[in-house]
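Encoded as structure tokens, the structure appears first; notes follow it.
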Amino acid sequence: MTTKIVIIDDHQLFREGVKRILEFEKSFQVVAEGDDGSEALGLVQEYLPDVVIMDINMPQKNGVEATRELIEKYPNTKIIILSIHDDENYVTHALQTGARGYLLKEMDADALIEAVRVVADGGSYLHPKVTHNLVNEYRKLAAGVANGGRGYLTVELRRPLHLLTRRECEVLQMLADGKSNRGIGEALFISEKTVKNHVSNILQKMNVNDRTQAVVVAIKNGWVEVR
């Protein structure tokens, strides 16, 4: 199965770099490119892509406005937002509008490829740094809502050894810390392929679709700490 991709970004050199990375994957095909959000609807109508990769900051119509327009016309459109902003307000706004993914432009090639695969398969993907910021904000809100201070911040830390292996617990903690697959591999002295296998096992055992959901569930249950 070929994953058809449209890239929309007003910086040509960056766009070409993204295209070059994606086309290293035999199952990916970049079918069209645009340099402004105003082109998004027409490109989706013409090429019916599986995934749209869209810059958040563009001169005429930004990525969030274009995402809203696409989702209204094509509710099942799978959009990944590219941004230089890791602030949770940007992320929340993009996701509320309908984006399935949010990547920082400091991403590495592996993160880009993984994000496209996950989103194309119906999941969601956030840059690890963004995940960490959102998780921190989530914990603050949860603690504030719980009057008397009995929020998630006060949940006793207990590893889910009834569900995951010790190594998988370590990987889950590092997901909560905002580490990428490469960062986890370097910290644990294992290969990225092994990390991916561990993450896949964690998602399956926790019955969640993606790493962000895994981290949120883990925090609710007191299985990880946010440092």
Query raised in the report: Going through segment 72-91 one residue at a time, which ones are without any contact (Cβ under 8 Å) to a residue 40 or more places away in the chain and either farther than 17 Å from Asp36 by Cα or touching a Pro at 6+ places or on another chain (Cβ under 9 Å) (or both)?
Result: Glu72, Lys73, Tyr74, Pro75, Asn76, Thr77, His85, Asn89, Tyr90
**Report entry** Meets criteria (open to solvent by 40 Å² or more (accessible area, probe 1.4 Å), within 22 Å of Val195 (Cβ to Cβ) and at pLDDT 85 or above) for Glu69
**Finding:** no
Requested in this report: Considering every residue within segment 90-109, establish whether at least one is aromatic (Phe, Trp, Tyr) and more than 16 Å from the chain's Cα centre (by Cα).
Outcome: no
Query raised in the report: List the pairs whose first member sits in segment 193-211 and is farther than 11 Å from Leu172 by Cβ, whose second member is hydroxyl-bearing (Ser, Thr, Tyr) and not in a helix (DSSP H, G or I), and whose Cβ atoms are under 8 Å apart, counting only residues at least 6 apart or on separate chains?
Result: Asn209/Ser124; Asp210/Ser124; Asp210/Tyr125
**Report entry** Matching option when the condition is at pLDDT below 85 and open to solvent by less than 20 Å² (accessible area, probe 1.4 Å), among Val119, Val135
**Finding:** Val135
Query raised in the report: Quick one: what pairs do we get from segment 23-46, first residue touching a residue at least 12 places away in the same chain (Cβ under 8 Å) and open to solvent by less than 20 Å² (accessible area, probe 1.4 Å), second polar (S, T, N, Q) and not in a strand (DSSP E or B), C-beta under 6 Å, 6+ apart or different chains?
Result: Asp36/Gln60; Gly37/Asn62
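The values are calculated or read from the model by the stated rules, or taken from the named source; none is laboratory data. Predicted model, so just to flag it, every value in this text is computed and none were measured. FYI the Cβ positions are ideal-geometry reconstructions off the backbone, even for glycines, and counts take in every protein chain you see. Surface accessibility is based on the protein's heavy atoms, side chains included, excluding ligands, DNA and RNA. Shrake-Rupley method; radii C 1.70, N 1.55, O 1.52, S 1.80 Å.
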